[in-house]
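These notes concern the structure reproduced below.
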Amino acid sequence: MSRRNSKLYSFILMLVDALVLIVSFVIAYIARVQYDPRPLLHNIYAYDYLFAFLLIIPFWIAIFGLIGLYQPKTYNRRLIEWGKIAIGSFLGILLIIGWEYVSTKELFPARLVAAYALVASFILIVIEREAMRLVRTLSYRYGRGVRRVLLIGSSDAAVDIAETLADTKHSGHRIVAVAGPKRLLGTIEHAVHFSTPEAALKEIEALGISTIIQTDLYEDTARNQHILGAAQAQHIDYNFIPGESEFYSGKNTVDVFLGYPMITVYQTPLVGWGAIIKRIFDLVAGSLITLVLSPLLIVIFIIKKLVDRGPAFYISPRLSRFSEPIGLIKFRSMGAQYGSRDAADEFRSMGREDLALEYETNRKVDNDPRVTRFGNWLRKTSIDELPQIFNVLRGDISLVGPRPILPQEVKLAKGRTALLHSVKSGMTGLWQVSGRSELIFEDRIELELFYAQNWTFWLDIKILFKTFWVVVRGKGAK
């Protein structure tokens, strides 16, 4: 979507949001006044009620604008958009209640009208935004609002961007020209290839290019200035995406140092207030989860003692934040004689060289002979992981985060363990909701690194919801 189309789309969203808010207030009024027989606190005629809210709605839309609901970075990301709609609806109701208090003028015929308006505004605006998203996707299929892109670069990032944007009906982009190696063309159809950016820049107007994406800076600064200058001269968008993800992932700040712009790159957004918010959430949510799970934990403990005898819990040595050793609490799923040594060594002592090699290759095995029958059920249902909630309350790990790795797995992380452990480990994470035991160790590390570099509170919420469904379906558990 071009800059002009983005502004038009944002303006349309404002108008539709305003209309939906009016409908929400009408529904709230009708639901309480006409369908609820209880007496009203104030006799407010429908005309006066609606007229008052018509005057307030522009301020409500302004609140939506201030929290970013009309920015592409919000309406292009569903979960963030829903969260901000909830916040905006709540702030809007507070605005009205505050106006009532200051002006001493009654706006609501009953208190429940405010509650109905809050719920209705959130639900209807979410539905409206989903409908608008569907309309926008359909318009992409017919070439409406699509950004025509010139891609300049030769790095792996350029290849990844080319593959991602190739599906125009979802990305809203169409790569019409590529300046770089021919491998960038990949699955892109009908894109024009140029060997140099200078040749491509001459055809900007002819190809109808509306956006330039560059992934590599040239040693010759004049070439970089030429590309940027061409975008400015044609009044089109210019985007630079560094090929090395470490330089733009995580939490970055921009400042001025000795007259030069300076970018400070943190390993993760989980610093400062991010870490504090996450810990508070862990304590509150962890306490509630512990309260709910307590009966189940007690029952499993008793069954475990009766069926398998021996210790009910197993303390697994793991590494968490800053590679600090912790004892991960789990229900024991293996025989009491196992688990004190590396799995490969235990398989070899059992005469199972095949299993030892399988474990050393994949860091897991199918049909582990050390696991008891009841323990196998615990693993399949993921109930063996539940006692880790006590690690969360103790502060060893978080509810969501990279999986705590075994000490012997450090050497397998290829020198990236420091970044992986820049955040506290978690009970669940991207690995668990993206395939769990079906993924190889390297893929697991990549997912955990992505989480560490791109953490948001909404990502945690999304992972928690996905974890529930993954556990219910038993997908990937071993």
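The values are calculated or read from the model by the stated rules, or taken from the named source; none is laboratory data. All figures in this text were calculated on a predicted structure; none of them were measured in a lab. So basically every Cβ, Gly included, is an ideal-geometry build from the backbone, and we count neighbours across all protein chains shown.
In the stretch 45-84, of all residues being over 30 Å from the mean Cα position of the chain (by Cα) and of a type in the set (Val, Ile, Thr), the one that is farthest from Leu8 (Cα to Cα) corresponds to Ile56. Scanning the stretch 173-214 for residues that are small (Gly, Ala, Ser) and farther than 30 Å from Leu138 by Cβ, we see that the one that is farthest from the chain's Cα centre (by Cα) is Ala199. Taking the numbered list (1) touching a residue at least 60 places away in the same chain (Cβ under 8 Å); (2) not assigned by TED's automatic domain parsing to the domain that holds Ala166 in turn, Thr74 passes all entries but (1).
Taking every residue in the stretch 138-150 that is touching a residue at least 24 places away in the same chain (Cβ under 8 Å) and pairing it with any residue that is of a type in the set (Lys, Arg), at least 6 positions away or on another chain, the pairs with Cβ-Cβ distances below 6 Å are Tyr140/Lys169; Arg141/Lys169; Val146/Arg174; Arg148/Arg174.
Table: residues versus (1) of a type in the set (Ser, Thr, Tyr); (2) in contact (Cβ under 8 Å) with a residue 24 or more places away in the chain; (3) part of a helix (DSSP H, G or I); (4) in contact with a Pro (Cβ under 8 Å, 6 or more places away or on another chain).
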{"residue": "Asn43", "(1), (2), (3), (4)": "no, yes, no, yes"}
{"residue": "Tyr47", "(1), (2), (3), (4)": "yes, no, yes, no"}
{"residue": "Phe53", "(1), (2), (3), (4)": "no, yes, yes, no"}
{"residue": "Trp60", "(1), (2), (3), (4)": "no, yes, yes, no"}
{"residue": "Tyr70", "(1), (2), (3), (4)": "yes, yes, no, no"}
{"residue": "Trp82", "(1), (2), (3), (4)": "no, yes, yes, no"}
{"residue": "Ile85", "(1), (2), (3), (4)": "no, yes, yes, no"}
{"residue": "Leu95", "(1), (2), (3), (4)": "no, yes, yes, no"}
{"residue": "Leu134", "(1), (2), (3), (4)": "no, no, yes, no"}
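Restricted to the stretch 298-332, and to residues there that are outside any helix (DSSP H, G or I) and among the aromatic types (Phe, Trp, Tyr), the residue that is nearest to the chain's Cα centre (by Cα) is Phe331. The residues of the stretch 382-435 that are modelled with pLDDT under 85, polar (S, T, N, Q) and within 30 Å of Leu296 (Cβ to Cβ), listed by number, are Ser382, Gln432, Ser434. Say we look at the stretch 113-136 and pick out the residues that are surrounded by fewer than 17 Cβ atoms within 10 Å (Cβ to Cβ) and under 10 Å from Ala28 (Cβ atoms); which of these is farthest from the chain's Cα centre (by Cα)? Restricting to residues being surrounded by fewer than 17 Cβ atoms within 10 Å (Cβ to Cβ) and under 10 Å from Ala28 (Cβ atoms), the top hit is Ala115.
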